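Read the structure below first, then the notes.
FYI, it's all coordinate maths here, none of it is from the lab. No experiment lies behind these values; they were computed from the predicted model shown. Please note: Cβ atoms are built from the backbone with ideal geometry, for glycine as well, and neighbour counts cover all protein chains shown.
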Amino acid sequence: MRSYLPHYEMRAVRNLGEALDLISSQPGEWKPFAGGTDLMVLLEQGKLPHRKFFSILNIEDAQGMKTETSHVSIGALATYTELQRSDVLQNEFPLLCRAAGETGSIANQNRGTLGGNIANASPAADSPPALLVYDAELELASKRGMRTIPYVQFHTGYKQMNLSPDEIILRLRLPRSHRRWLQYYRKVGTRKAQAISQICFAARADASGGKILQIRIAIGSVPPTPLRCHKTEAILLDGGLSRIPEAQQQLGDEILPIDDFRSNARYRTRIAQNLLEEFLLQVQRAGAT
């Protein structure tokens with residue numbers, strides 16, 4: 001059953017100040033609307049419960065990309081297409097570009113935004129694992145001021161976020177590294193294109209002289225939230241590539257896989273372990289041993 005449009009209200013704000021005034025005047029009543037690629041599906045299905053939205057597309061503070069010496073700052077309104085067209089992101093953060101290219105159709109990539117993908121808080125989203133392995137930070141804005149939090153602390157449960165009712169996601173920061181990490185991204189779905197992921201796996205490692213100096217492993221569409229796999233990383237930092245089987249076992253214990261209509265926990269666990277092995281063997285072949 002389709003929604004009845006007169007039951008909904010949409011406003012357009014001209015700048016960040018207007019947005020924060022509106023959202024703070026009635027916390028929880030108004031929610032930001034950007035590309036709308038997720039919300040419009042729910043609206044069409046008659047399943048969009050919230051009724052008051054405000055368009056944030058005119059907020060300049062949430063647009064564009066800025067390259068600093070220490071980090072790259074990405075506006076929350078950056079589309080998946082804009083991410084893929086950025087030379088800096090392609091060179092230094094290719095996993096995020098890969099994730100953007102795996103997200104939906106070309107139309108969705110032209111309209112959908114990185115901030116919206118995060119705020120939608122779907123465990124099956126394609127960009128969160130890449131953001132986790134890049135140690136991303138979020139800049140959150142409210143009338144009370146700005147605060148910055150590590151992205152790894154943002155998702156607190158299924159569809160639950162470290163985001164107050166009077167805050168909006170303004171920008172993301174990706175720390176730049178001067179070392180050449182080996183990077184890996186795989187999305188597993190029922191088909192090659194326009195599929196919701198059954199498993200989304202991202203990883204990168206800095207290895208030298210047979211040792212793993214630093215490593216990041218993240219997974220999505222398996223646990224209830226995107227997950228940074230700290231315990232699995234710790235095993236590999238301690239014992240290197242000689243502990244691949246032990247790391248695979250730890251990964252299976254750490255990811256808390258779910259059963260749903262797309263896949264089951266057993267399948268997700270096994271595929272995640274296989275992807276971890278594939279990544280680590282690439283590290284090995286690159287000369288880490």
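For Rg and Dmax of the Cα atoms in Å, pick the label among [x] 18.9, 59; [y] 22.2, 80; [z] 19.5, 65 that corresponds to the value derived from the coordinates.
[z]
Expressed as a rounded percentage, what relative contact order does the range 5-58 have, with Cα pairs under 8 Å and six or more residues apart?
Dividing the mean separation by the residue count of the range 5-58 yields 57 percent.
Taking neighbour counts of Cβ atoms within 10 Å as a proxy for exposure, in what order, fewest first, do Lys143, Lys31 appear?
The most exposed by this proxy come first: Lys143, Lys31.
Antiparallel DSSP bridges in the chain: what percent, to the nearest 5?
Looking only at bridges with both residues in the chain, the antiparallel portion is about 85 percent.
Using only Cα atoms and rounding to the nearest 10 degrees, what angle (0 to 90) does helix 16-25 make with the longest principal axis of the chain?
So the inclination is approximately 80 degrees.
Using Cα atoms only, what is the angle between the long axis of helix 244-254 and the major principal axis of the chain, expressed in degrees (0 to 90) to the nearest 10?
That works out to roughly 30 degrees.
Would you list Ser208, Ser164, Ser221 from fewest to most Cβ contacts within 10 Å?
Ser208, Ser164, Ser221
How do Thr148, Thr113, Thr225 rank when sorted from fewest to most other Cβ atoms within 10 Å of their own Cβ?
Thr148, Thr225, Thr113
Please give every one of the aspartates and glutamates within straight-line cross-link reach of Lys159, meaning a C-alpha to C-alpha distance under 18 Å, and leave out same-chain neighbours fewer than 8 residues apart.
Result set, ordered by chain and number: Glu29, Asp38, Asp126, Glu167, Asp259, Asp260.
Just need the relative contact order of the range 1-109 here, percent rounded to a whole number, with Cα pairs under 8 Å and 6+ apart.
Computed over the range 1-109, the figure is 24 percent.
Expressed as a rounded percentage, what relative contact order does the chain have, with Cα pairs under 8 Å and six or more residues apart? Numbers along the way, then the final one.
On the way: 582 pairs, mean separation 42.8, N = 289.
Worked out over the chain, it gives 15 percent.
For the chain, find the longest principal axis of its Cα atoms and tell me its angle to the long axis of helix 230-239, 0 to 90°, nearest 10.
Helix 230-239 and the main axis of the chain meet at about 20 degrees.
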